[in-house]
1. Cβ-Cβ under 8 Å, sequence separation 6+ or interchain: first residue in region 167-184 and more than 13 Å from residue 132 (Cβ to Cβ), partner among the aromatic types (Phe, Trp, Tyr) and assigned to a loop (DSSP other than H, G, I, E, B). Which pairs?
2. Does region 156-173 hold any residues that are in a helix (DSSP H, G or I) and open to solvent by less than 30 Å² (accessible area, probe 1.4 Å), and which are they?
3. Take the residues in region 69-122 that are among the aliphatic types (A, V, I, L, M) and surrounded by fewer than 16 Cβ atoms within 10 Å (Cβ to Cβ); name whichever of them is farthest from the chain's Cα centre (by Cα).
4. Residues that are modelled with pLDDT of 90 or more and β-branched (Val, Ile, Thr), at least 2 per element: which strands (runs of 3 or more DSSP E) completely within region 1-115 meet that?
Amino acid sequence: MTSMNILYHHRTQGGAVEGVHIRELVKALRALGHQVDVVGPPGVSVFEGDAGRCAARPRPRRGVWQGISRRLPEVWFEVLELAYSLYAYWCIGRCLCARRYEFVYERYAIFNWAGLAQARRCGIPFLLEVNYTSWSPMARRRSRWLQRLAHRIDHWLFARADGLTVVSEALRRHLVEELGVDAHK
């Protein structure tokens with residue numbers, strides 16, 4: 001098997017199960033001989049000592065983001081999620097300029113369009129890991145103000161991704177039957 005350079009992007013706080021999932025997936029890809037660089041929110045690392053990061057940047061403490069996310073009215077939190085995509089676009093672009101990657105692998109997040117936009121800009125494949133969609137019932141109550149935009153971004157992502165991975169058969173059916181995603185993806 002040929003070794004590949006893979007850029008993995010996520011927008012999680014890196015703790016709990018999502019951190020374990022990201023860390024183990026990256027470790028498995030590395031065990032297969034691939035180079036995997038990880039891009040995530042500032043101050044968040046799923047690895048001890050920040051191993052696997054693509055670009056160094058300011059490191060606010062994780063507690064800062066958790067405090068902000070708990071206290072902001074939901075519509076403002078969603079505006080910050082949208083703004084993060086601008087930051088991520090810049091970070092992913094820096095990584096893609098610094099090294100040649102075979103593809104961008106991104107963990108889906110609502111309003112997160114940066115990985116696909118940069119992959120298309122650079123002409124490389126984009127793979128999207130989908131654990132939920134903007135239609136999924138969430139533990140966090142979402143505002144209705146930006147719901148239509150979230151759905152449009154989802155349709156854009158799912159239609160243009162080169163491949164999708166899903167965590168369940170029910171989610172695969174939702175994507176194919178309700179959102180019109182090509183089943184071959």
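The values are calculated or read from the model by the stated rules, or taken from the named source; none is laboratory data. These numbers were taken from a predicted model, which means no experiment stands behind them. Note that each Cβ is placed from the backbone with ideal geometry, even for glycine, and that neighbours are counted across all protein chains shown. Protein only, heavy atoms only, side chains kept; ligands, DNA and RNA dropped before computing areas. Shrake-Rupley method; radii C 1.70, N 1.55, O 1.52, S 1.80 Å.
1. Taking only residues 6 or more apart or on different chains, the pairs are 178/135.
2. Step one: list which residues in region 156-173 are in a helix (DSSP H, G or I), which gives 156-160, 169-173.
Once the filter is applied, which keeps residues that are in a helix (DSSP H, G or I) and open to solvent by less than 30 Å² (accessible area, probe 1.4 Å), region 156-173 yields 157, 158, 171.
3. Result: 72.
4. Details: elements: 5-9, 35-39, 103-107.
Because the criterion is at least 2 residues that are modelled with pLDDT of 90 or more and β-branched (Val, Ile, Thr), the strands (runs of 3 or more DSSP E) in region 1-115 that meet it are 35-39.
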